[in-house]
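Novice: There's a structure below that I have some questions on.
Derivation of every value follows stated rules applied to the coordinates shown; laboratory data play no part. Since we're looking at a predicted model, the values are computed, not measured. Positions of Cβ are generated from backbone atoms using ideal geometry, with glycine treated the same way; all protein chains shown enter the neighbour counts.
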Amino acid sequence: ALSLVYVEIKNWALEKLPAPQELKEAWSEWEVRCLVLLNLTLQLLLMISAHVRQKFKGRHLPYVAATVWSIYLGADWVATLAMTTVLRGTLEKESAVVVLWVPFLLWHLGSPANITAYSLEDNELWLRHFLGLVSNGAEALYIYFKFRTAGVPIYGSLHYPDVMVVPLLVGGILKYAERIVALRSACSEQLRSAVYSEAENNQRESKGREMIRTGLYESAGTVKQFVEDPQVKFLQEARKSFEIFRPLFLDLPFKVSEKYLDHNVYLKDKSAKEAFRLVKIELQFFHDLLFTKNPIQYRHRKLNAFLRGFYILSALSVLIVLSTQNHIGVSKRDITGVDIAVTYLLLVGAILLDVLGALLHLLSYWTMIEFGIAGGKLYKLYHWLVASRLRSIKSMAGTPNIAQYDLVKDFCSKRGNGIFSGLINLVDTNKLRIKYRIISWVELEHYLQEFIYTGLEKERLNPSLSAEVLRIIGQDASLQPLLELGKGARKGMPVGLTRVIFVFHIATKLIYYNAVQRGRHARSSLCRISNILSDYMLYLVLVHPTMLPKDFGNTTKESFIPDKKNLI
């Protein structure tokens, strides 16, 4: 709709506004060229920025996320706008070469492999993208049939656009459809139904097999057993853990067998550092499941290999034909060197994007766990590459960071109202910009990992430990005001886990700053650990509530934040 509005306003302005004729002609001549080149640039930026966004940390993260969001939306809009401009414009001499550009707009609407969705909401709106495929595909076909006869005939009714455009057009439609399949498979309804259908199928074939978790049995094919390299084996263990706990990410009830509970849930025989690394890889699998094409490319490996080859070969064949022929459908004297250069850039850009996408998939965890096992010569070569890649990732990992949100610092901070604050707040409805101004980052050092890991291990061996701690706290007279604070919270205050996080965060802060004021050893190991973990849990509640159980997030944002000062 916005594209049509833009085109109508532009056509009206060119007709009605008093502008030099040379300017109008230059605009008409360069508009489509600039749009297709801008769209190609946005595709390259989108592939790069998707990787940057995933790795970036710090208070400037909202601005990085906003940049990626703008590129993500802009790439789709510019492609649709360029196609609408071609459809509504008047094409004469450039018709044949512009028809060659249109399929690349469909290619770009297919998006890079490492970012099919910007947010979870994009997955839920997959049907809207399907309607976009229908409308944009129909536009591309209409443009092709409208201008194909402008080209030089090859044999009978066969024209050059038939030979050069059809492979690109088919590839563009397939690319766009591939993105829609990825979006649909990552929507919440499909993820849940996939778990249920998998459970039903495994239940029917479960005879003589040991249960791993509800609906998943030992021979379900989650992990191959024979692995030579320890790094590859570690990666496959992470993938197995991801498959076991997939229902957890979807808020589905499930039960894990006692054997796998000991070995996988509590990571028996693994150090704290290895346990945190395994969870990090497991979360990477979940990220790919929601926001990339890697899962569907992994599930349909043969089809994926065929499509990657078809995309690259179709663009390469057109590039060869274009390089060896004296015309591309019309007399060469009617085609400017600029149009030829734009066509070359689009072809080279398409090949580059697909080659980079194929390399990213080959070096992804999904491909490594499938082909990282030594077999034939080709498998041994790839196995060596996988092992080298995993070792380099491990060596470059460094010390991870953990986010901190200090509620006391939030209260004491002064928030200035800038010139554009009102406009920014219209877009930033969750006020992430303000929240990230308060957020700080500390290194997740080894002693902190060890404390968390041993704490979970103690809780497993002694489940009544938490109840005992709460009993001791209840008997401590100095903490009674804080407990009364939690009991006397206003009506509508979140209950359960979220309420506990808020109340104990306030308690931790009061005790911590009281120790600092009295000159105690507030920087001691246990005191510092308590402060760091408290700040991190509040960060999850206020900034990333979707990382908590589903029932808590919206309640926290709606009922607690507006009156949090009253609680203090």
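Novice: Taking the Cβ of each residue in Cys527, Cys34, Cys412, Cys187 as the centre, tally the other Cβ atoms inside 10 Å and list the residues starting with the fewest.
Specialist: Working: Cys527 17, Cys34 13, Cys412 9, Cys187 20.
Exposure proxy ranking, most exposed first: Cys412, Cys34, Cys527, Cys187.
Novice: For the pair Arg460 and Leu356, how long in nm is the line joining their label points, each one 7 Å along Cα→Cβ?
Specialist: 4.2
Novice: Taking amide hydrogens as modeled 1.01 Å from N in the peptide plane, which residues meet the under 5 Å criterion relative to Asn401, leaving out close sequence neighbours?
Specialist: Leu444
Novice: Say R0 is 30 Å: what FRET efficiency, to the nearest 0.05, do Leu4 and Phe310 get from their beta-carbon distance? All intermediate terms of the calculation are to be shown ahead of the outcome.
Specialist: Numbers: r = 32 Å, r/R0 = 1.08.
Given R0 = 30 Å and the Cβ-Cβ separation, E is 0.40.
Novice: Exposure proxy check: Ile9, Ile244 ranked by fewest other beta carbons within 10 Å?
Specialist: On the way: Ile9 10, Ile244 21.
Going from least to most buried by this count: Ile9, Ile244.
Novice: For Lys273 and Trp27, what is the calculated FRET efficiency with R₀ set at 56 Å and r taken between the beta-carbons, to the nearest 0.05?
Specialist: Values: r = 60 Å, r/R0 = 1.07.
Efficiency at R0 = 56 Å is approximately 0.40.
Novice: Pop a pseudo-label 7 angstrom from the Cα along the beta-carbon direction at both Phe145 and Ala13 and give the gap in nm to one decimal.
Specialist: A separation of 3.4 nm, rounded to one decimal place.
Novice: Once the Cβ-Cβ distance between Thr546 and Glu198 is put in as r, and R0 is 22 Å, what FRET efficiency do you end up with, to the nearest 0.05? If you can, show how the numbers build up before the last one.
Specialist: Values: r = 24 Å, r/R0 = 1.08.
The computed FRET efficiency comes out at 0.40.
Novice: Once you have the Cα-Cα distance between Lys280 and Ala138, take 0.36 nm times their residue separation minus that, and quote the gain in nm to one decimal.
Specialist: Numbers: separation 142, 0.36 × 142 = 51.12 nm, distance 4.31 nm.
Taking 0.36 nm per residue and subtracting the Cα distance, the gain is 46.8 nm.
Novice: Say each of Glu445 and Leu248 gets a label point 7 Å from the Cα, pointing the same way as Cα to Cβ; how far apart are those two points in nm?
Specialist: Rounded to a tenth, the inter-label distance reads 2.8 nm.
Novice: Show the residues, 5+ positions off or on another chain, whose built amide H is closer than 5 Å to the amide H of Phe56.
Specialist: Counting only residues 5 or more places away or on other chains, the set is empty.
Novice: Among Tyr72, Tyr311, rank each residue by its count of other Cβ atoms within 10 Å, from fewest to most, as a rough exposure measure. All intermediate terms of the calculation are to be shown ahead of the outcome.
Specialist: Numbers: Tyr72 23, Tyr311 27.
With the sparsest Cβ surroundings first, the list reads Tyr72, Tyr311.
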